[in-house]
């Protein structure tokens, strides 16, 4: 029986962060789940993220090795953003990885005449490279913007997802209040009643 299709979430405020957030329960030792399990799922994420594919049918260009390449880049970006969120310098190899993809993308950029004006256009590349290059540009845009100071990590102890906190006075703590926020609230309630006199039996059933 096929596994249930993954539900992708786009709540980080930047597509590069959403790309990194394609690992569910990233910090859990037992419930960690990679959302990029196949070329089809990877392409579905690309479509839902609003990224473009060269040609009419990108599917034929995506192989399992392309997904594996995307995962390597994703984990490098995760380490880079983690260091930034912690106020630390990233590892040189992770910055080199990002710069390598950016350089590859920008080396193909050229000006093209269109509708009486000019626009930037990229030369041909594989679908996999084109996808990662779009993610890399989004990452670079965040890293060079004032919003980098608003980069946060969800405070759910097993989540590990990033987001840009655009809330007023920056009080946001969770990637989503409906998911991680409510889960944290339930856990706090469980701990309170568990430690209350005579309540241990009732508490043990609340999170079953």
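Values quoted throughout were computed directly from the atomic coordinates according to the rules given, and no laboratory measurement underlies them. Only a predicted model underlies this, so the values are computations on that prediction, with no experimental measurement involved. We place every Cβ from the backbone using ideal geometry, glycine too, and count neighbours over all the protein chains shown.
Here the residues 72, 135, ranked from fewest to most Cβ neighbours within 10 Å of their Cβ, fall in the order 72, 135.
Computed over the range 1-121, relative contact order equals 15 percent, with contacts defined as Cα pairs under 8 Å that lie 6+ residues apart.
Taking all Cα pairs closer than 8 Å and separated by 6 or more residues, the relative contact order of the range 91-161 comes to 23 percent. Over the range 1-134, the pair-distance histogram of Cα-Cα distances with 5 Å bins from zero comes to 2, 9, 16, 20, 21, 15, 9, 5, 2, 1, 0, 0 percent, rounded to whole numbers.
Net length available on complete extension from residue 52 to residue 88 is 9.7 nm, with 0.36 nm assigned per residue and the Cα-Cα distance removed. As a rough footprinting exposure proxy, the listed residues 10, 81 were ranked by other beta carbons within 10 Å of their own, and the order from fewest upward is 10, 81. Distance between the pseudo-spin-label points of residue 145 and residue 110 (7 Å out from Cα toward the beta carbon): 3.0 nm. Here the simple spin-label model places points 7 Å from the Cα toward Cβ, and for residue 95 and residue 38 these points are separated by 4.0 nm.
Taken along the Cα-to-beta-carbon direction at a fixed 7 Å, the label points for residue 7 and residue 167 span 2.1 nm.
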